[in-house]
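Below is one structure; the comments refer to it alone.
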Amino acid sequence: EKLSGSDLAVEFFCADTTLGALVLKHGFEEPKLILLQSLPESRLYTSTQIYQRIWQPILKHAQPGARIYFSPAGALHTAAIEYAPVSDSAIVSDLYEMHRLSSTRNISTPTQINSAGKAAVYGGIYYDTDVETMKSESSKYSLQHQPGENRSVCERMAGLHASYLEGTLKESKQVCQYLDSMKFQTQYLSERQANEESFKNLSGKHLHIIHIATHGFYLSGAASTPGEALINSGLLFSGCNNVSQVPGGIDDGILTASEISGLDLRGTRLAVLSACETGLGEITPDGVFGLQRGFKKAGVNTIIMSLWPVND
């Protein structure tokens, strides 16, 4: 009922080694089951393989220029399949109006618009902040700390040396200027103030936009369960280079997807994770257990992420 006459809803799925899609549009008495070839291993954006393997069997049911709602599954979470080449001169999103969803059920779920216009922006973070300053900044927030919550990841990152990202200072200030021009109430956190506690303090504040320009991490091959995968990906905040010296009672600057998943970010329309490889994670039939899963579980509506290392 929510689809217009030419809209297509595509729910991808993985079953063992099988990749498929359930396709629904007006006029179908039931969803059509389409079995697909696997995602190509190389040349994702320089050949037409994705289009031929994934989209061509599905788009036979779509009119040119139609709106396509799709929910990826498995490895499809790690590829921008809506930007796959169709020819030397066009990509899929040139020919169709593509909408990526966490689930096609979202088509029929009313979207609550947050008109408050609140935003939080992070950038120019000091990763070498000393422990005494971390204690002082932590004392500004009343948060309950879970001892040993990140113990495994902290042990693996004990020798961490995150370099200062000068470009993120310029980026975050420009984002703030733009948001200010759009009459947003913008909270800007930088240098020593951009600590892990400040981010956790956003929980329940129903911000419209969160923009984070920092280092991201993903510890591959370390997870055997979804819970472990959520612990092995995250973002770095003030003082993270001193993780091995941080006493109990304050956060260490290493914010994991597991911690994010426990926050209340409902009402956040957009989270921009301007950091390296923020879109990666352990691939399972239920999706990718990484940062994106953490933000989705927290209630964020739309996420912009990176699948590659990003130069500052």
Task: Above-threshold pairs, the threshold being 27 Å between Cα atoms, out of LYS2/LYS296; LYS135/LYS296; LYS2/LYS200; LYS32/LYS297; LYS135/LYS183 - done: LYS135/LYS296; LYS2/LYS200; LYS32/LYS297; LYS135/LYS183
Task: Stretchable slack from SER103 to LEU270, in nm (0.36 nm times residue separation minus alpha-carbon distance) - done: 58.4 nm
Open item on the list: Starting from the 7 Å offset along Cα-to-Cβ, what nm value, one decimal, do you get for the label separation of LEU143 and GLN185?
Closed with: 2.1 nm
TODO: Provide the packing ranking of 198-208, 57-67, i.e. peptides ordered by the mean count of other C-beta atoms within 10 Å per residue, highest first.
DONE: 198-208, 57-67
TODO: Treat every Asp and Glu Cβ in the chain as -1 and every Lys and Arg Cβ as +1, leave all other atoms uncharged, and give the resulting dipole magnitude about the Cα centre to the nearest 20 debye.
DONE: 780 debye
TODO: Please express the Cα-Cα pair-distance distribution P(r) of the stretch 164-271 as a list of whole percents, one per 5 Å bin, running from 0 to the bin with the greatest distance.
DONE: 2, 11, 19, 22, 21, 15, 7, 3, 1, 0
TODO: Compute the distribution of all C-alpha to C-alpha distances in the stretch 1-62, in bins of 10 Å from 0, and list the percent of pairs in each, rounded to whole numbers.
DONE: 21, 46, 27, 6
TODO: Work out which helices of the chain, taken as complete DSSP H runs, extend at least 15 Å along their axis over the Cα atoms and score a mean Kyte-Doolittle of -1.0 or more, then list them.
DONE: 166-181
Task: Accessible-area composition of the chain, carbon plus sulfur, in percent [1.4 Å probe] - done: 47 percent
Open item on the list: Which of rounded, prolate or oblate describes the stretch 165-216 when judged by the alpha-carbon gyration tensor and an a/c cut-off of 1.5?
Closed with: oblate
Task: Förster radius 41 Å - calculated FRET efficiency between THR17 and HIS206 (Cβ-Cβ, nearest 0.05) - done: 0.45
Task: Column: log10 I(q)/I(0), Debye, Cα scatterers of the chain, q = 0.06, 0.14, 0.16 Å⁻¹ - done: -0.23, -1.11, -1.32
- [ ] Could you work out how far apart the two model spin labels at SER47 and SER306 are, taking each label as a point 7 Å from the Cα in the direction of the beta carbon, and quote it in nm?
- [x] 2.7 nm
Open item on the list: Probe of 1.4 angstrom, ligands and nucleic acids ignored: what's the accessible area per residue over the chain, in square angstrom?
Closed with: 50 Å²
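The values are calculated or read from the model by the stated rules, or taken from the named source; none is laboratory data. In this text the structure is predicted, and so the values were computed from the model without any measurement. Heads up, the Cβs are rebuilt from the backbone with ideal geometry, glycines too, and the neighbour counts pull from every protein chain shown. Just so you know, the surface numbers come from the protein's heavy atoms only, side chains and all, with ligands and any DNA or RNA stripped out. Shrake-Rupley method; radii C 1.70, N 1.55, O 1.52, S 1.80 Å.
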